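Notes for the one structure printed next.
The values are calculated or read from the model by the stated rules, or taken from the named source; none is laboratory data. It should be emphasised that the depicted structure is a prediction, and the values quoted were computed from it without experimental measurement. Cβ coordinates were reconstructed from backbone atoms using ideal geometry, including for glycine residues, and neighbour counts include every protein chain displayed. What goes into the accessible areas is simple: the full protein's heavy atoms, side chains included, and nothing from ligands, DNA or RNA. Shrake-Rupley method; radii C 1.70, N 1.55, O 1.52, S 1.80 Å.
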Amino acid sequence: MISEGPGSDTESDTRRSTPTAKASDTDKVRHHRKVSPASASSNVRRPQGEKEPDHVRGRLNEIITNTVILLLGWCAAWAATGPDVLPGGSLFGLIILFYSAFLGGKLLECVQIPSVPPLPPLLGMLLAGFAIRNIRFLSEIVSVNPLWSSTLRNMALTVILVRAGLGLDPKILKTMKGVCLRLSIGPCLTESFSAAIISHYLLGFPWEWGFLVGFVVGAVSPAVVVPSMIMLQEKGYGIQKGIPTLLMAASSLDDILAITGFNVCISLIFSTGSIVHNILSSLRDIVIGVLIGAVLGIFVRYFPNREQDHVHLKRAFLILGLCVSAVLGSNRVGLHAAGGLCTLVLTFMAGMSWASEKVSVQHVIAVAWDVFQPLLFGLVGSEINVSALDTNALGTAVATVILAVSARVCFTFLLMSFAGFNIKEKIFIALAWLPKATVQAVLGPLAFETVRAISATELEHYAMDVMTVAFLAILITAPNGALIIGILGPKVLERHDPRDFKSELMTVLPH
């Protein structure tokens, strides 16, 4: 017998065959890796009798399913509330306004003009509410309780403030330093003071009402500016000097200043007592709002902690609950300026501690805004009754908006002259800083609601004019601002490859 030891030929043959086997296995793996998912899926045979998917039929199935779900929701609401979901009821009015505004926004998104940026959907939402109010048949069956409308608009304001507070990045603000503060404070105050003077002489407003309407129109709209800047930034326009980032960061601070100024003015108008007492009361509200916001901001840093499940959902719910309670509660007890500042301080401090985890919370807040946005603009549009408008007041309101915006644009251009930008960039920043929408939609009707609440009929025409100016400011500046940014940006801003700028700020801005 021949024994097969360690040095036998059999074992050596086995060793020689092993690399070949491994190589063949490797070739198989490489072959499988080269096959694309599309080709792999195309080679898979469907079981006999199974048909190709019908996309049209699937879409129809989805529409029918969603329609049935909506009808079931309506039936449940009718069973719970009764006549409120029938024509003429407040819940019915809210449902019609919401879906009409939603469809109005979607229809405006479908308007595609070559080489022209898309119009902001909020304009379609606003026009949908306006049409419902001024078409007689619809206005008779669609009505909303004024208290419901006021509460929903305040909740929408809260969501805006939460997004603004979470959107403030301390690193960005530190890097931008003076130029961001100048851009967020200077143009807002210039337009507010200009609108106050113009409305005093053109509309016959008292000075306190003039400053009130000034702060209403003085805010820029992140809903228009931010998406437009993101589109330019993704294509590489203006990123070397950080122009898109500058405008996005400054828009939040601009809104904060306008909302704070409006709250101070409305406290002065509707408070009794001397001017000194009213100013001290406003300062008291500001201090209280900042202190409560700081305490609640420290609280949400630690509760809930990171070890809990679905922590981002809990944080978003906690922030929304605290901020809505602060805004509505401060209005209830008469501390009008406290709720907004409390919201801003709370969300800013929370965002600082959450770092990168803040993004998941912002996504949840964005979903909440998707719900409140159609309601907000639909309700604002439905407040404007053409038959109740004075033709002379309408013309002077348009003139007020145009003159105030012109003053803002000119001052912004001068302000950016000391920031290291060239002439084309200064023109772009000045013109990109005029769109108005969200803040005007929230603040415009608040004075009118306050007048109705205290039955001050002698002030109703002032409050109606404020609301008209806010409506016209959105109608004039929102679409024109979006078009100017989209058309002018690629023509006047320098383009660079976004991959060459790794930091979020793209570069350190001139100060």
### Query
If you take the C-alpha gyration tensor of segment 145-250, multiply each eigenvalue by 5 and take the square root, what semi-axes do you get, largest first, in whole Å?
30, 20, 13
### Task
Any chance you could run the full-extension gain for residue 112 through residue 140? It's 0.36 nm times the residue separation minus the Cα-Cα distance, nm to one decimal.
6.7 nm
### Query
According to a simple spin-label model (label point 7 Å from Cα along Cα-to-Cβ), what is the distance in nm between residue 406 and residue 65?
5.6 nm
### Summary
In nanometres, the difference between 0.36 nm per residue of separation and the alpha-carbon distance of residue 147 and residue 458 is 109.9 nm
### Task
Could you pull the accessible area for residue 312 with a 1.4 Å probe, rounded to 10 Å²?
60 Å²
### Query
Taking a temperature of 37 °C and a viscosity of 0.692 mPa s, what whole-number D in µm²/s does Stokes-Einstein yield for segment 243-339 with Rh from Kirkwood over alpha carbon pairs?
213 µm²/s
### Query
How much length is gained on full extension from residue 487 to residue 422, taking 0.36 nm per residue of separation minus their Cα-Cα distance?
21.6 nm
## Note on the structure
Taking a probe of 1.4 Å and leaving out DNA, RNA and ligands, segment 269-408 shows per residue an accessible area in Å² of 49 Å²
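Let me check something: with ligands and nucleic acids excluded, how do 383, 191 order by accessible area (1.4 Å probe), largest to smallest?
Largest accessible area first, the residues go 383, 191.
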### Residue order for 317, 211 - accessible surface, 1.4 angstrom probe, largest first
317, 211
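Provide the three semi-axes, in whole Å and in decreasing order, of the ellipsoid equivalent to segment 333-379 as defined by the square roots of 5 times the Cα gyration tensor eigenvalues.
Working through the eigenvalues yields semi-axes of 22, 20, 5 Å.
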### Task
Roll a 1.4 Å probe over the protein heavy atoms and report the accessible area of residue 207 in Å², nearest 10.
110 Å²
### Query
Excluding ligands and nucleic acids, what accessible area in Å² is computed for residue 140 using a 1.4 Å probe, to the nearest 10?
130 Å²
### Query
Between residue 276 and residue 414, what FRET efficiency follows from the Cβ-Cβ distance if R0 is 35 Å, with the result rounded to 0.05?
0.50
### Query
Given just the C-alpha atoms of segment 255-414, how large is their convex hull per residue in cubic angstrom?
174 Å³
### Message
As a test of the definition: which semi-axes, in Å, follow for segment 361-427 when you take the square root of five times each eigenvalue of its alpha carbon gyration tensor? Largest first, please.
### Response
32, 27, 6
### Query
Looking at 305, 367, 322, which one has the Cα that reaches farthest to the positive end of the dipole of segment 285-396 (charges on Cβ: Lys, Arg +1; Asp, Glu -1)?
305
### Query
Tell me, how many Å apart are the Cα centres for segment 258-313 and for segment 353-432?
23 Å
### Query
Per-residue HN-Hα couplings for segment 422-434, Karplus 6.51 cos²θ - 1.76 cosθ + 1.60 at θ = phi - 60°, whole Hz, x for Gly and Pro?
7, 5, 5, 5, 5, 5, 5, 4, 5, 6, 6, 9, 10
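Note down the relative contact order for segment 303-433 as a percent, whole number, built from C-alpha pairs under 8 angstrom at least six residues apart.
16 percent
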### Task
For 99, 237, 201, write out the residues from largest to smallest accessible area, computed with a 1.4 angstrom probe and no ligands counted.
201, 99, 237
